[in-house]
Amino acid sequence: MTTKEIRKKILEILYRDRSENFIKPEKLVSEIKITEEELDNEIRYLSEKYYIRIMGEYMGKRFLNFSGLKITADGVDLVEDPDEFNKLFTFKINNFSNLQNSNVNIESNKNKQTTGIIEEGQENYYENIETEGFDVGIHNKGKKTNIVNYKSVNNIKKKWFETWWGITILTVITAVIAGFIIYKFGWN
């Protein structure tokens with residue numbers, strides 16, 4: 001299970017059981033079936049994003065050292081908005097023996113890395129595949145994958161200061177300002 005799948009599952013469980021005062025971490029461990037360390041890492045991540053609230057932290061345990069979890073209003077809004085919710089979690093295509101003449105077009109205007117197809121199967125064949133708008137078109141984790149005639153179009157536009165000319169302009173402006181300060185006030 002990937003980190004994004006774990007985060008998605010945590011949010012779904014907390015959303016489903018949001019009428020309870022809080023959810024004990026043991027419940028998540030038993031439902032998601034991962035180690036306490038893996039769960040603790042993803043809970044801390046979701047807490048830092050303000051999607052969940054950690055309640056009753058205490059010392060003594062290395063992982064899951066808190067009494068419970070509760071989904072926040074931001075977390076509820078995220079789960080209830082399918083478009084926004086799915087932007088945070090990549091989808092994957094598993095166990096396709098043949099995927100021919102297919103187009104994958106999904107808009108992605110967020111700052112996180114996106115993946116069009118996460119291939120985890122065995123002996124799959126992809127032909128005439130196009131992905132558009134992703135940072136990574138196909139991430140191959142599978143075995144004996146054969147990809148023929150693949151095209152990836154990245155439509156994610158860089159901000160002006162990330163382009164070569166933006167960096168050049170900022171460098172020149174910085175050098176001029178530094179030169180003026182040194183000229184005006186001296187080196188010492």
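The values are calculated or read from the model by the stated rules, or taken from the named source; none is laboratory data. This structure is a prediction, so every number in the text was calculated from the model and none was measured. In this analysis, Cβ positions are derived from the backbone assuming ideal geometry, glycine residues included, and neighbour counts consider all displayed protein chains.
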What number goes with the only condition from (1) more than 21 Å from E130 (Cβ to Cβ); (2) modelled with pLDDT under 50; (3) part of a strand (DSSP E or B) that N101 does not pass? (1)
In the stretch 9-32, what residues are over 16 Å from K70 (Cβ atoms) and either surrounded by 20 or more Cβ atoms within 10 Å (Cβ to Cβ) or aliphatic (A, V, I, L, M) (or both)? V29, I32
